[in-house]
Amino acid sequence: MGKPKLGVFKFASCDGCQLSLLDAEDQLLAVADAVEIRHFPEASSRMEAGPYDIALVEGSITTPHDAERIQQIRRDAKFLMTIGACATSGGIQALRNGADTAEFMRAVYASPEYIQVLDKSTPIAEHVKVDFELRGCPINQYQLIEVIQSLLAGRNPRTPRHSVCLDCKRRGTVCVTVAQGTPCLGPVTQSGCNAICPSYHRGCYGCYGPAAQPNLVSLSTHALNEGASAAEVSHNLRNFNVYAPAFRNESQRLTDQIKEQN
Amino acid sequence: MGNRTIKVETMSRVEGEGGLYIRLSGDVVDEVRLEIYEPPRLFEALLRGRPLEDTPDITARICGICPVAYQMSSVHALESALEVTVSPEIRRLRRLLYCGEWIESHGLHMHLLHAPDFLGFDSGLEMAKQFPDEVNRGLRLKKHGNQLVDLLGGRAIHPINVCVGGFYRLPKRKEFQTLIADFEWGLGAAIETTRWVAGFDFPDFETDCDYISLSHPDEYPMNEGVMKTSGGDLIEVSHYEEEFEERQVPHSTALHAIRKSTGRPYLLGPLSRVNLNRDKLAPASRKLADEIGLEPLCRNPHKAIIARGLEIVHAYEEALTILRGDQPQGKSRETYEYQAGEGMAATEAPRGTLFHRYVVDEAGKIVEACIIPPTSQNQAQIEADLKQWISHVISEDEQETARKCENLVRAYDPCISCSTHFLKVKIERS
């Protein structure tokens with residue numbers, strides 16, 4: 001049996017998640033040696049058609065062409081893994097979902113008719129079956145290497161689903177919400193970044209998306225009791241994982257509440 | 001002979017995805033298009049109505065390779081709108097952060113993306129089998145850049161420590177000290193790397209183009225300055241949009257830029273910076289430029305790899321000076337009151353000058369955002385240079401012609417995610 005065939009594919013994204021693979025400087029040459037890289041345009045001019053044993057997919061679906069392209073990648077891939085918030089939840093560009101995309105296009109381009117876009121930015125899983133989702137904006141390169149190594153060893157990959165809060169406790173970081181009253185999404189955001197933001201004296205802003213069973217209503221209620229407005233609490237959920245169901249629903253619930261009150 | 005087209009559907013070893021389309025009548029080039037179909041992400045529209053504090057975190061996501069550049073241009077522009085002046089301490093730390101990004105981005109481009117073209121490999125990873133020492137050295141340099149951004153920014157990709165007014169938290173001197181030994185090694189290694197790339201076999205090719213970069217009386221340009229041109233003009237950043245114009249073209253989701261007064265395209269990036277600011281390079285870098293005999297105004301785009309090497313050397317020298325300095329003191333960030341206004345800034349991203357302009361209201365919300373990334377400004381110049389280059393490399397072997405065209409495009413280190421994405425190389429003949 002030959003080496004597993006790897007493909008890396010890009011949709012609407014910043015390139016940062018596939019860059020995480022090239023940023024794993026210490027492991028890069030070993031990983032590259034353990035697989036056959038068949039499609040990774042950012043790294044290699046050698047591009048070959050599928051099938052692929054492992055397909056890493058970065059970015060969200062935002063154009064009619066991309067909605068077709070992902071279907072072929074799925075057909076070619078034995079194991080399809082999304083990397084990052086764009087591929088997993090639609091990314092920051094999903095802020096336009098529910099807004100007027102045509103108006104957004106007019107705001108950026110003088111002749112928007114040259115460019116075809118879909119009304120929504122959607123995660124890969126809305127289009128094809130996804131075998132594993134690696135979270136983060138950006139992903140954690142150590143998690144990526146670990147997941148690839150699991151696959152190479154024939155194990156099912158796993159990443160922790162607990163919240164950022166637990167990682168702050170582990171690191172011994174003083175809670176920014178308790179000590180300074182800073183709003184923080186740590187209690188509802190999935191681990192993976194190593195709880196960086198609170199260690200730099202700022203609140204978590206949710207790069208890794210909702211943790212397992214996040215209690216968003218409880219967190220919102222706490223923030224409202226502390227004097228935050230519903231608009232602010234809703235806003236804090238509206239960034240890199242705005243279209244992840246748990247964040248989207250809570251943000252919508254608060255928005256509806258504001259409408260009712262007016 | 002009739003017409004033909006040469007196409008490269010997906011260009012490789014560039015950041016983001018796009019292609020190249022060339023149409024020829026006989027051996028005469030009819031049209032060259034650098035095709036960027038990276039799906040638009042509409043950042044300028046989705047920033048509207050958000051608190052201005054969100055801007056550095058959101059604009060960072062335009063590019064995973066140069067997020068610091070987006071953060072720097074956005075905070076400077078917003079500080080200008082708010083009339084905030086940052087302390088010399090914060091200014092110094094911002095330059096340090098930029099040094100990290102230059103080392104990481106240039107290190108990646110030189111070793112994994114560009115060098116394989118000179119040595120005949122499909123990738124840096126394949127090149128590593130025959131040139132293990134050079135590739136490993138390059139990876140170590142790249143890692144240092146990432147470590148520096150990680151230390152000061154909290155993480156290497158999409159740093160979290162940058163805010164309007166400064167930083168969320170100042171670094172500690174003992175954190176700096178952990179990097180000094182590595183950076184001392186890195187400075188020597190960067191010099192070796194630059195000597196190595198300067199010895200590559202460069203095609204004999206020069207283009208007539210206007211080089212533009214920021215320029216500053218006291219330092220190598222990064223965070224501030226005026227725009228300087230190779231024609232000797234100086235342009236205030238506040239006149240950016242009067243001087244340069246972005247035009248939309250049908251084949252691209254990136255807007256094309258020209259200089260209005262000349263009607264000509266122009267080139268930004270490391271070659272322009274070195275051409276225009278060589279006397280401001282740090283001593284070892286300046287000495288190295290002389291030693292390897294780089295022309296005072298280098299017009300060969302393939303030699304941009306040497307300019308990147310010199311800038312890595314400069315970044316190590318400047319970073320070491322700051323890392324060896326005193327414990328950062330004072331406030332981590334300036335405070336400010338909201339006021340309605342407009343602010344602009346340009347800083348030097350690894351790939352060239354990145355311009356941001358914001359209008360904010362009295363409640364601290366973004367009313368309007370305008371972002372002009374370097375690659376979309378370079379696109380028209382890249383196409384003009386390609387037109388000239390094709391006459392040097394045209395042959396019956398279309399694959400070879402396409403490959404050589406792709407080599408030239410790669411020399412500019414286009415960042416297609418930034419300019420919105422997707423390159424294709426196609427050559428059409430009939």
Being in a strand (DSSP E or B), touching a helix residue (DSSP H, G or I) at 6+ places or on another chain (Cβ under 9 Å) and either within 10 Å of chain A (Cβ to nearest Cβ) or surrounded by fewer than 22 Cβ atoms within 10 Å (Cβ to Cβ) (or both) narrows B:Arg4, B:Arg23 down to just B:Arg4
If you go through A:Thr177, A:Thr182, the only one that is within 12 Å of chain B (Cβ to nearest Cβ) and of a type in the set (Val, Ile, Thr) is A:Thr182
Of those in segment A:102-122 that are more than 30 Å from A:Arg158 (Cα to Cα) and more than 8 Å from every other protein chain (Cβ to nearest Cβ), the residue surrounded by the fewest Cβ atoms within 10 Å (Cβ to Cβ) is A:Glu113
Notebook entry, point to check: Is it fair to say A:Leu95 is crowded, with 21+ Cβ neighbours inside 10 Å and over 11 Å from A:Glu58 (Cα atoms)?
Noted result: yes
- prompt: In segment B:309-330, is there at least one residue being over 26 Å from B:Pro88 (Cβ atoms) and either modelled with pLDDT under 95 or exposed (fewer than 15 other Cβ atoms within 10 Å of the Cβ) (or both)?
  reply: no
For this session: Evaluate segment B:349-357: report whether one residue or more is assigned to a loop (DSSP other than H, G, I, E, B) and either under 15 Å from B:Tyr240 (Cβ atoms) or aliphatic (A, V, I, L, M) (or both).
Result: no
Condition set at the interface with chain A (Cβ under 8 Å from one of its Cβ atoms) and touching a residue at least 12 places away in the same chain (Cβ under 8 Å), scope segment B:123-142, selection nearest to the chain's Cα centre (by Cα): answer is B:Lys142
Being closer than 23 Å to B:Thr10 by Cβ, more than 9 Å from chain B (Cβ to nearest Cβ) and at pLDDT below 95 narrows A:Gly50, A:Gly98, A:Gly7, A:Gly2 down to just A:Gly50
Subset of segment B:54-71, residues more than 10 Å from chain A (Cβ to nearest Cβ) and surrounded by fewer than 23 Cβ atoms within 10 Å (Cβ to Cβ), comes to none
Before we move on, is A:Ser89 within 11 Å of chain B (Cβ to nearest Cβ) and at pLDDT 95 or above? no
Flagged in segment B:91-122 as surrounded by fewer than 21 Cβ atoms within 10 Å (Cβ to Cβ) and touching a Phe, Trp or Tyr at 6+ places or on another chain (Cβ under 8 Å), in numbering order, are B:Phe118, B:Leu119
- Would you mind stating whether A:His235 is over 24 Å from the mean Cα position of the chain (by Cα) and not assigned by TED's automatic domain parsing to the domain that holds A:Asn97? no
Listed by range, helices (runs of 4 or more DSSP H) wholly within segment A:147-262 having at least 3 residues that are of a type in the set (A, V, I, L, M) are A:176-180, A:216-225, A:230-236, A:245-261
Within segment A:94-131, of all residues that are part of a helix (DSSP H, G or I) and closer than 18 Å to A:Phe247 by Cα, the one farthest from the chain's Cα centre (by Cα) is A:Arg96
Of all strands (runs of 3 or more DSSP E) fully inside segment B:158-274, the set with 3 or more residues that are surrounded by fewer than 17 Cβ atoms within 10 Å (Cβ to Cβ) is B:244-248
Those residues of segment A:26-51 which are touching a Gly at 6+ places or on another chain (Cβ under 9 Å), surrounded by fewer than 22 Cβ atoms within 10 Å (Cβ to Cβ) and over 21 Å from A:Gln71 (Cα atoms) amount to A:Glu36
task: Return yes or no: is B:Leu78 more than 14 Å from every other protein chain (Cβ to nearest Cβ) and at pLDDT 85 or above?
output: yes
Going by what's in this entry, would A:Ile61 be described as over 18 Å from B:Glu126 (Cβ atoms), β-branched (Val, Ile, Thr), out of contact with any Asp or Glu (no Cβ under 8 Å at 6 or more places or on another chain) and modelled with pLDDT of 90 or more?
no
Taking segment A:52-71 and the residues there that are polar (S, T, N, Q) and in contact with a Ser or Thr (Cβ under 7 Å, 6 or more places away or on another chain), the one that is surrounded by the fewest Cβ atoms within 10 Å (Cβ to Cβ) would be A:Thr62
Within segment B:38-73, residues β-branched (Val, Ile, Thr) and closer than 13 Å to A:Pro138 by Cα come out as B:Ile58, B:Ile62, B:Ile65
Residues of segment B:34-47 being at pLDDT 85 or above and not in a loop (DSSP other than H, G, I, E, B), in sequence order, are B:Phe43, B:Glu44, B:Ala45, B:Leu46
Log entry, pairs with first residue in segment B:27-53 being small (Gly, Ala, Ser), second being surrounded by 15 or more Cβ atoms within 10 Å (Cβ to Cβ) and not in a strand (DSSP E or B), beta carbons closer than 8 Å, six or more apart or on different chains, reads B:Ala45/A:Arg96; B:Ala45/A:Phe104; B:Ala45/A:Met105; B:Ala45/A:Ala107; B:Ala45/A:Val108
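The values are calculated or read from the model by the stated rules, or taken from the named source; none is laboratory data. What you see is a predicted model, and the numbers here were worked out from it, not measured in a lab. FYI the Cβ positions are ideal-geometry reconstructions off the backbone, even for glycines, and counts take in every protein chain you see.
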